[in-house]
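Novice: What follows is a single structure, and I will ask about it in a moment.
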Amino acid sequence: MGEITLKIDGRLVKAEEGMTLLRAAESAGIYIPALCADDDLEPFGGCRLCIVEIEGWAGLPAACTTQAREGMIVRTASPLIDRVRRTLVELLMANGHGDCLTCPANQRCELQKVAAYVRPREGRFLGVERAYPWDDSNPFFTLDMNRCILCGKCVRTCDEIQFLHALDLAYRGYETKVSPDFDQPWLESICENCGQCEAKCPVGAIYERARLEGVPSAETRTVCVYCGVGCGLYLLTRGERVVGVRGDPENPVNRGRLCVKGRFGYDFINHPERLTKPLIKESGRFVESTWDEALDLVARRLSGIKKEHGPEAIAVLASAKATNEENYLIQKFARAVIGGNNIDHCARL
């Protein structure tokens, strides 16, 4: 694609053809507030916070749905834009509970970031007091519609990324809310618990239960251990505990997306019954040993069984948690070392 040049806030900006004004501004380090925009989703223009002024254009178009064009002169801030944005944020905040300090999304809330930039005035609009019951039927995350701003990102994510359509905007007017199919408890819906909606929610309406343990203090880039696909992720830690997982958007395998196991199946890491040392049974009970002792025992027993009963008396079971390379070595061990073809894999089931 070709390159175009436009002017944003008095600065010359180079952008690719087809790029939206919002992405063109971001590529130049110019911040435009937005809540419904996302690189993984089709342009929506629902929140209207990314409005801009374009010389020669009427009205205030949304930067997330307007393509950048050669020679455009764009302003991202002006008295009119600031006034409209402030009103929009005040309307969004009018129906919310506003208890940011106790919200699980505190310090990672996009609405907080936008409000800090726009600086709305408190209490100018009287909202409708909503008291939706929490939907905590799902074992992995909770739906709190009292914090929802109806940006629609969770619905669009389920439609455009997962192609599942497990969520939708139900009812109309003041009664509008995000709801699982047929407004039933989340656990009873067709949701596959991938967690994409929670990852995209800009506020604290959908949040992972583990996040209630607090804001992580560090994160470590790694690869998911559940299968050989190699999805990239970040382990979010607080002290010695893993309190969350987020997908790695730079990983070419999954591009930030994770399945239910990769996103929520990490509780075994800190489980009190997790084995950290090999065990050998002695006198009917298991005792701790070293890896050298355990491996020597396994080698002796396998050699003895092969010598006495032949290689067909031994079977090898591979693991989905091993990498493709490790599973290749396992089957090579079964065929070349043991000398048999009795090898199976749990992913076959």
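Every read-out reported here was derived from the displayed coordinates using simple, explicitly stated rules and does not represent laboratory data. The structure displayed is predicted, hence computed values, not measured ones. We place every Cβ from the backbone using ideal geometry, glycine too, and count neighbours over all the protein chains shown.
Novice: Using DSSP to call loops (not H, G, I, E or B), can you name the chymotrypsin sites (Phe, Trp or Tyr not before Pro) in region 1-70 whose Cβ has at most 13 other Cβ atoms within 10 angstrom?
Specialist: The qualifying sites are Tyr31, Trp57.
Novice: Shifting gears a bit: With the cut-off at 1.5 for a/c, could you classify region 310-349 from its C-alpha gyration tensor as rounded, prolate or oblate?
Specialist: Oblate shape, in that a/c is at least 1.5 and b/c is the bigger or equal ratio.
Novice: Convert each backbone phi in region 320-330 into a coupling constant with the Karplus relation 6.51 cos²θ - 1.76 cosθ + 1.60 (shift: θ = phi - 60°), then list the ³J(HN,Hα) values in order as whole Hz, x for Gly and Pro.
Specialist: After applying 6.51 cos²θ - 1.76 cosθ + 1.60, I find 6, 7, 7, 6, 4, 5, 5, 5, 4, 5, 5 Hz.
Novice: Then there is this: Read through the labelled values (i) 5, 20, 21, 16, 12, 10, 9, 6, 2, 0, 0; (ii) 5, 23, 27, 17, 10, 5, 3, 3, 3, 2, 1, 1, 0; (iii) 5, 18, 24, 21, 14, 8, 6, 3, 0 and report the label of the one computed as P(r) over Cα pairs in 10 Å bins from 0, in percent from the structure.
Specialist: Step by step, P(r) over Cα pairs in 10 Å bins from 0, in percent for this structure corresponds to label (iii).
Novice: Quick one: Arg274, Arg124, Arg85, Arg335, fewest Cβ neighbours within 10 Å first, how do they rank?
Specialist: If I rank by nearby Cβ atoms, fewest first, I get Arg274, Arg124, Arg335, Arg85.
Novice: State whether region 216-273 is rounded, prolate or oblate according to the following rule on the C-alpha gyration tensor (a ≥ b ≥ c being the square roots of its eigenvalues): a/c under 1.5 gives rounded; otherwise a/b larger than b/c gives prolate, and the remaining case gives oblate.
Specialist: Taking the square roots of the gyration eigenvalues as a ≥ b ≥ c, region 216-273 is oblate.
Novice: Assuming a ≥ b ≥ c are the square roots of the Cα gyration tensor eigenvalues, decide whether region 124-269 counts as rounded (a/c under 1.5), prolate (otherwise, with a/b larger than b/c) or oblate.
Specialist: It is prolate, given that a/c is not under 1.5 and a/b is the larger ratio.
Novice: Moving on to the next point. Give me the distance between the Cα centres of region 285-305 and region 147-181, rounded to whole Å.
Specialist: Here the answer is 55 Å between Cα centres.
Novice: Can you work out the base-10 log of I(q)/I(0) for region 1-99 at q = 0.18 1/Å, using the Debye formula on its C-alpha atoms alone?
Specialist: With one equal scatterer per Cα and no solvent, log10 I(q)/I(0) is -0.81.
Novice: Sticking with this one: Compute the distance from the alpha-carbon center of region 7-23 to that of region 228-253, in whole Å.
Specialist: Result: 33 Å between the Cα centres.
Novice: Excluding residues on the same chain fewer than 8 positions from Lys261, give the lysines whose Cα lies under 17 Å from its Cα.
Specialist: Reachable lysines: Lys321.
Novice: So what J values fall out for region 166-182 if you push phi through Karplus, 6.51 cos²θ - 1.76 cosθ + 1.60 with θ = phi - 60°, rounded to Hz, Gly and Pro as x?
Specialist: 7, 10, 7, 8, 9, 6, 9, x, 5, 8, 4, 7, 6, 9, x, 4, 6
Novice: Further question: Please state the charge dipole magnitude for region 1-159, taken about the Cα centre, from unit charges on C-beta atoms (+1 on K and R, -1 on D and E), reported in debye and rounded to the nearest 20.
Specialist: 620 debye
Novice: With θ taken as phi - 60° and the coefficients 6.51, -1.76 and 1.60, list the Karplus ³J(HN,Hα) couplings across region 84-93 in order, rounded to whole Hz; mark glycine and proline as x.
Specialist: Here the 3J(HN,Hα) series is 5, 4, 4, 5, 4, 5, 4, 5, 5, 7 Hz.
Novice: Starting from the amide H of Ala318, placed 1.01 Å from N in the peptide plane, find each other amide H under 5 Å away whose residue is 5 or more places distant or on another chain.
Specialist: Asp344, His345, Cys346
Novice: In deg cm²/dmol and to the nearest 500, what is the mean residue ellipticity at 222 nm of the chain if only DSSP H runs of at least 4 residues count, each as -39500 (n - 2.57), divided by the residue total?
Specialist: Numbers: 8 runs with 78 residues, N = 349.
Helix contribution divided over all residues of the chain: -6500 deg cm²/dmol.
Novice: Give me Tyr226, Tyr266, Tyr174 ranked fewest to most by other Cβ atoms within 10 Å of their Cβ, as a rough exposure proxy.
Specialist: Numbers: Tyr226 17, Tyr266 21, Tyr174 10.
Ranking Tyr226, Tyr266, Tyr174 by Cβ neighbours within 10 Å, fewest first, gives Tyr174, Tyr226, Tyr266.
Novice: Now for a different question. Working from the alpha-carbon coordinates of region 42-145, get Rg over Rh, Rh being the Kirkwood radius.
Specialist: Details: Rg = 17.1 Å, Rh = 16.2 Å.
Using Cα coordinates only, the ratio equals 1.05.
Novice: What is the sum of charges around Asn342, taking Lys and Arg as +1, Asp and Glu as -1, for the other residues whose C-beta is under 10 Å from the C-beta of Asn342?
Specialist: Charge balance in the 10 Å sphere: -1.
Novice: So for Ile280, Ile338, Ile51, fewest C-beta neighbours within 10 Å to most, what's the order?
Specialist: With the sparsest Cβ surroundings first, the list reads Ile280, Ile338, Ile51.
Novice: To make sure I understand the rule: partners must be lysines, Cα under 26 Å from the Cα of Lys7, and not fewer than 8 residues away in the same chain. Which ones qualify?
Specialist: Answer for Lys7, where 26 Å is the Cα cut-off: Lys113, listed by chain and number.
Novice: A follow-up question, please. Charges only on Cβ, +1 for Lys and Arg, -1 for Asp and Glu: so what's the dipole of region 216-273 about the Cα centre, in debye to the nearest 20?
Specialist: Result for region 216-273 is approximately 200 debye, rounded to the nearest 20.
Novice: Would you grab the residues whose amide H sits under 5 Å from the one on Phe141? Only those 5+ places off in sequence or on another chain, please, with H modelled 1.01 Å from N.
Specialist: Long-range HN contacts for Phe141: Arg209.
Novice: Sticking with the crude label model, points 7 Å out along Cα→Cβ, report the distance from Ser319 to Leu297 in nm, one decimal please.
Specialist: Modelled inter-label distance: 1.7 nm.
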